[in-house]
Amino acid sequence: MNETISTILKRRSVRLFRPDPVGQTEFDLVLEAGRYAPSAMNQQPWHFTAIRNPELLGKLEENCKSAFLESNVEALREVAKQEGFSVFYHAPLMVIISGDPGAIAAQYDCTLAMENMMLAATSLGIGSCWTHAVMMFNSTDKGKAIFKQLGFNFPEGHQPYAAAVFGYPAEPYPETPPKNAECVTILD
Ligand SMILES: Cc1cc2nc3c(=O)[nH]c(=O)nc-3n(C[C@H](O)[C@H](O)[C@H](O)COP(=O)(O)O)c2cc1C
């Protein structure tokens, strides 16, 4: 198996992080991997916002958690009610990829960029986890206003399409959850 395939198979959603920051050299490589993702007509309609400030991360976390608590999905409400639960898992770094909704396929472009970043991170020993609460929170007027209040200056008209936390895993990579192999049709 080559290294790329092995990295893809190794990536897991990591939910327990060491508090130390991600090294700048590694972080630059992860960002570069994001920027090299494919995008419809090479529009690259994205902007990467990295949050390393612990106070800001804490404030955003608190607010995003309310998106889970107020969700109409019972499973999300139940998870968020658990004592000590953090939607960001106390990670030292979050990246939000916002995009221009007027682009051909901003959501796909931003999601592909985030997957590139998560795979690059895995290859460098950095864990990651998609954090959907950010997009859920931003989908409400209250959430949008709070993003502004907290000083998030996404480029004009942009909306967050992908968000993930990054950091060094505090424990060995989690077991691979079941991956269904019965989802392929080949028409020869
Ligand atoms: C669109 C999307 C939203 C997700 N949202 C969350 C989330 O809010 N919190 C979380 O802990 N994991 C989240 N995940 C991670 C999934 O739970 C995880 O990918 C899945 O359980 C498979 O585990 P694996 O990533 O280790 O293969 C999300 C993944 C995707 C693709």
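Considering only region 167-183, state which residues are surrounded by 10 or more Cβ atoms within 10 Å (Cβ to Cβ) and more than 9 Å from the ligand (Cβ to nearest atom).
If the condition is that a residue be surrounded by 10 or more Cβ atoms within 10 Å (Cβ to Cβ) and more than 9 Å from the ligand (Cβ to nearest atom), then Gly167, Tyr168, Pro169, Ala170, Glu171 are the ones that fit.
Tally up the residues in region 103-122 that are more than 12 Å from the ligand (Cβ to nearest atom) and either modelled with pLDDT under 95 or among the polar types (S, T, N, Q) (or both), please.
The total comes to 1.
Within region 42-81, can you find the residues that are among the hydroxyl-bearing types (Ser, Thr, Tyr) and either in contact with a Leu (Cβ under 8 Å, 6 or more places away or on another chain) or away from the ligand (no atom under 14 Å from the Cβ) (or both)?
Once the filter is applied, which keeps residues that are among the hydroxyl-bearing types (Ser, Thr, Tyr) and either in contact with a Leu (Cβ under 8 Å, 6 or more places away or on another chain) or away from the ligand (no atom under 14 Å from the Cβ) (or both), region 42-81 yields only Thr49.
Could you list all residues from region 101-157 that are more than 30 Å from Pro19 (Cβ to Cβ), in contact with a strand residue (DSSP E or B) (Cβ under 7 Å, 6 or more places away or on another chain) and crowded, with 18+ Cβ neighbours inside 10 Å?
Ala106, Asp109
Hey, could you check region 123-165 for residues that are in a helix (DSSP H, G or I), touching a helix residue (DSSP H, G or I) at 6+ places or on another chain (Cβ under 8 Å) and within 10 Å of the ligand (Cβ to nearest atom) and say which is nearest to Phe27 (Cα to Cα)?
Val134
Answer yes or no as to whether Tyr89 is within 12 Å of the ligand (Cβ to nearest atom), in contact with a Cys (Cβ under 6 Å, 6 or more places away or on another chain) and either over 25 Å from Glu26 (Cβ atoms) or not small (Gly, Ala, Ser) (or both).
Here the answer is no, as Tyr89 does not meet what is asked.
Are any residues in region 14-31 in contact (Cβ under 8 Å) with a residue 40 or more places away in the chain and away from the ligand (no atom under 16 Å from the Cβ), and if so, which ones?
Those that are in contact (Cβ under 8 Å) with a residue 40 or more places away in the chain and away from the ligand (no atom under 16 Å from the Cβ): Arg18, Pro19, Asp20, Pro21, Val22, Glu26, Phe27, Leu29, Val30, Leu31.
The values are calculated or read from the model by the stated rules, or taken from the named source; none is laboratory data. None of these values were measured; they are calculated from a predicted model. Backbone-built Cβ (ideal geometry, glycine too); neighbour counts: all protein chains shown.
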